[in-house]
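These notes are about the structure you will find just below.
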Amino acid sequence: MKKTIITIIAVGVLALCAGTAYLINNNVNDLDETPQNDSLVYFKKNTNLPDNIDVFAKDGEKTSDITPAMWQVTAPNGKSMYMLGTMHVQKEESYPLPKYIEQAYRSCDKLASEINNVDVDPFYESCAPDPALKKGDSLKKHLTDEQYSDLKNYFSENGMDISDYDKYAPWYVFQQLNALGESSGEFSATIGIDRVLKISANCDDKENLSIETHEAKDTMYSSMPEDVIGLLIKKHCTTTKEQSAAALEEQYEAWKTGDTERLCELTYDYSGLTDEEKPIMEKYYQQFVIDRNKIMAEKAKEYLEQDYQVFFIAGVSHFVGDDGIPELLKKDGYTVERVN
């Protein structure tokens, strides 16, 4: 029974971790008040590393004993690249990062992550549609009675009022739900490996590359079918904090030991879903994971054609299973090896 509860909510954890990766971090350095051109405003890159961790071991310092999965990909032309599967929320115990991750980072000229969201462009305009519903429309009309009731109860339990969200689209409401739970217990998005490595790259004058486009990120949830969003809302609202914490802990244990088989089970899990819900969840996996894996694999090929060295990092869910990035690259003639 315990296993069933945990696996039912694994998709919620996946959405939480993925959603956290796309939240804009406003912790940037002060405005550079010495612009070099009257028509431009220059902002310093974010170089504010969390002060509660050492990303890499200092002289004599012991590294953490985590062993997350990392791969070395070699193209037919002989060029190679390291790829690391990450979690977007993290525990302090994961730092300093193991030597093999540090070596991959040190050897790169550029760091490629899902999106560079640590350096905020003040003039960037989101590609996401207006979340406000048209006059006469309401959130309730876009959810089932059960989903709306679950959401109403969830808001009430958290000191919120659903009426504050009645004029917004379901995808926007789901984004807000994710934002409410971006950190849990010992886990924090502030020290997520993606974020920390991106800021480290700024400190070390390594360029941050975005594997995906800002447009894709901005429309990630708004482009999903409403039955998918409705199911995700239901799962989020009917999961207790204790269950969510247990699922996140299980994912972390599999991640830190490099157990890709277990991570695959947690990523693609249909247990606890009704026969009607399973095909809906399949659409979610297809759009949120599999389709993006294909895009990321193509981007990896592009990087392997360049004359600079790239360290490729993305959420670990994109690396597991037959539809994961490593398997997609293997099918196209690339050599992929686990790094121990």
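Pairs only if they're at least six apart or on different chains, beta carbon under 6 angstrom, first in the range 306-323 and among the acidic types (Asp, Glu), second assigned to a loop (DSSP other than H, G, I, E, B); list them, first residue then second.
Final answer for the pair search is none.
Which residues, taken from the range 301-340, are in a helix (DSSP H, G or I) and either out of contact with any Phe, Trp or Tyr (no Cβ under 6 Å at 6 or more places or on another chain) or at pLDDT below 95 (or both)? Step through it out loud before you land on a result.
Just the residues of the range 301-340 that are in a helix (DSSP H, G or I), to begin with: 301-303, 316-319, 325-331.
Across the range 301-340, the qualifying residues are Lys301, Glu302, Tyr303, Ser317, His318, Phe319, Glu327, Leu328, Leu329, Lys330, Lys331.
Residues of the range 77-105 being aromatic (Phe, Trp, Tyr), over 15 Å from Thr190 (Cβ atoms) and outside any helix (DSSP H, G or I), which ones? First the steps, then the outcome.
Initially, the range 77-105 is screened for residues aromatic (Phe, Trp, Tyr), giving 82, 95, 100, 105.
Those left that are additionally over 15 Å from Thr190 (Cβ atoms): 82, 100, 105.
Passing the criteria: only Tyr82.
Just give me the residues in the range 112-150 being closer than 22 Å to Glu302 by Cα and out of contact with any Ser or Thr (no Cβ under 8 Å at 6 or more places or on another chain), in sequence order.
Within the range 112-150, the first condition is being closer than 22 Å to Glu302 by Cα, and the residues that meet it are 112-117.
Across the range 112-150, the qualifying residue is only Asn117.
Checking Leu49 against (1) within 15 Å of Thr190 (Cβ to Cβ); (2) surrounded by 18 or more Cβ atoms within 10 Å (Cβ to Cβ); (3) modelled with pLDDT of 50 or more; (4) hydrophobic (A, V, I, L, M, F, W, C), only one condition comes out false. Which one?
(2) is the only condition that Leu49 fails.
Quick one: Glu226 ticks every box in (1) among the acidic types (Asp, Glu); (2) out of contact with any helix residue (DSSP H, G or I) (no Cβ under 6 Å at 6 or more places or on another chain); (3) over 19 Å from Val89 (Cβ atoms) bar one, so which box is it?
Evaluating Glu226 over (1) among the acidic types (Asp, Glu); (2) out of contact with any helix residue (DSSP H, G or I) (no Cβ under 6 Å at 6 or more places or on another chain); (3) over 19 Å from Val89 (Cβ atoms) leaves (2) as the failure.
Just give me the residues in the range 302-332 being surrounded by fewer than 16 Cβ atoms within 10 Å (Cβ to Cβ) and more than 28 Å from Tyr270 (Cβ to Cβ), in sequence order.
Glu302, Glu305, Gln306, Asp307, Tyr308, Asp332
Have a look at Arg292, Arg338 and point out the one that is touching a helix residue (DSSP H, G or I) at 6+ places or on another chain (Cβ under 9 Å), loosely packed, with under 14 Cβ neighbours inside 10 Å and of a type outside the set (Asp, Glu).
Working: Arg292 fails: loosely packed, with under 14 Cβ neighbours inside 10 Å.
Step by step, each of Arg292, Arg338 is checked, and only Arg338 is touching a helix residue (DSSP H, G or I) at 6+ places or on another chain (Cβ under 9 Å), loosely packed, with under 14 Cβ neighbours inside 10 Å and of a type outside the set (Asp, Glu).
Within the bounds of the range 231-245, is there any residue that is within 19 Å of Gly192 (Cα to Cα) and either touching an Asp or Glu at 6+ places or on another chain (Cβ under 9 Å) or at pLDDT 95 or above (or both)? Spell out the reasoning first.
Step one: filter the range 231-245 for residues within 19 Å of Gly192 (Cα to Cα), giving 244-245.
Narrowing further to those that are either touching an Asp or Glu at 6+ places or on another chain (Cβ under 9 Å) or at pLDDT 95 or above (or both): none.
Scanning the range 231-245, I find no residue that is within 19 Å of Gly192 (Cα to Cα) and either touching an Asp or Glu at 6+ places or on another chain (Cβ under 9 Å) or at pLDDT 95 or above (or both), so the answer is no.
Among Asp145, Asp204, which is the only one that is touching a Lys or Arg at 6+ places or on another chain (Cβ under 9 Å), loosely packed, with under 14 Cβ neighbours inside 10 Å and free of Cβ contacts under 8 Å to residues at least 24 places away in the same chain?
Only one candidate qualifies: Asp204.
Answer with yes or no whether Gly85 is closer than 30 Å to Leu328 by Cβ and buried (at least 19 other Cβ atoms within 10 Å of the Cβ).
Working: closer than 30 Å to Leu328 by Cβ: yes; buried (at least 19 other Cβ atoms within 10 Å of the Cβ): yes.
Judged against the criteria, Gly85 is a match.
Can you tell me which residue among Thr267, Thr239 is farther than 26 Å from Met70 by Cα, touching a residue at least 60 places away in the same chain (Cβ under 8 Å) and surrounded by 14 or more Cβ atoms within 10 Å (Cβ to Cβ)?
Thr239
Scan the range 229-268 residue by residue and report those that are outside any helix (DSSP H, G or I) and more than 18 Å from the chain's Cα centre (by Cα).
Thr238, Thr239, Thr240, Thr257, Asp259
Here is a list of conditions, (1) under 18 Å from the mean Cα position of the chain (by Cα); (2) closer than 26 Å to Asp109 by Cβ; (3) part of a helix (DSSP H, G or I), and Asn208 meets all of them except one; can you say which number that is?
Among (1) under 18 Å from the mean Cα position of the chain (by Cα); (2) closer than 26 Å to Asp109 by Cβ; (3) part of a helix (DSSP H, G or I), the lone unmet condition for Asn208 is (3).
Taking the residues in the range 270-284 that are of a type outside the set (A, V, I, L, M) and in contact (Cβ under 8 Å) with a residue 40 or more places away in the chain as candidates, determine which candidate is farthest from Ile66 (Cα to Cα).
First, pick out the residues of the range 270-284 that are of a type outside the set (A, V, I, L, M): 270-272, 274-279, 282-284.
Checking the rest, the ones that are also in contact (Cβ under 8 Å) with a residue 40 or more places away in the chain come to 271-272, 277, 283-284.
On the way: Ser271: 29, Gly272: 31, Glu277: 36, Lys283: 33, Tyr284: 30 Å.
Only one residue fits best here, namely Glu277.
Here is a list: Glu276, Glu253, Glu207. Which entry is of a type outside the set (Lys, Arg) and in contact with a strand residue (DSSP E or B) (Cβ under 8 Å, 6 or more places away or on another chain)? Before you say what the answer is, go through the steps one by one.
Values: Glu276 fails: in contact with a strand residue (DSSP E or B) (Cβ under 8 Å, 6 or more places away or on another chain); Glu253 fails: in contact with a strand residue (DSSP E or B) (Cβ under 8 Å, 6 or more places away or on another chain).
After applying the criteria, what remains is Glu207.
When you look at Leu133, is it modelled with pLDDT of 95 or more, over 30 Å from Met83 (Cα atoms) and touching a strand residue (DSSP E or B) at 6+ places or on another chain (Cβ under 8 Å), yes or no? Outline the logic, then answer.
Details: modelled with pLDDT of 95 or more: yes; over 30 Å from Met83 (Cα atoms): yes; touching a strand residue (DSSP E or B) at 6+ places or on another chain (Cβ under 8 Å): yes.
Yes: the conditions hold for Leu133.
The values are calculated or read from the model by the stated rules, or taken from the named source; none is laboratory data. Predicted model only: the values in this text are computed from it and were never measured. Methodologically, a virtual Cβ is constructed for each residue, glycine included, from the backbone with ideal geometry; neighbour enumeration extends over all protein chains shown.
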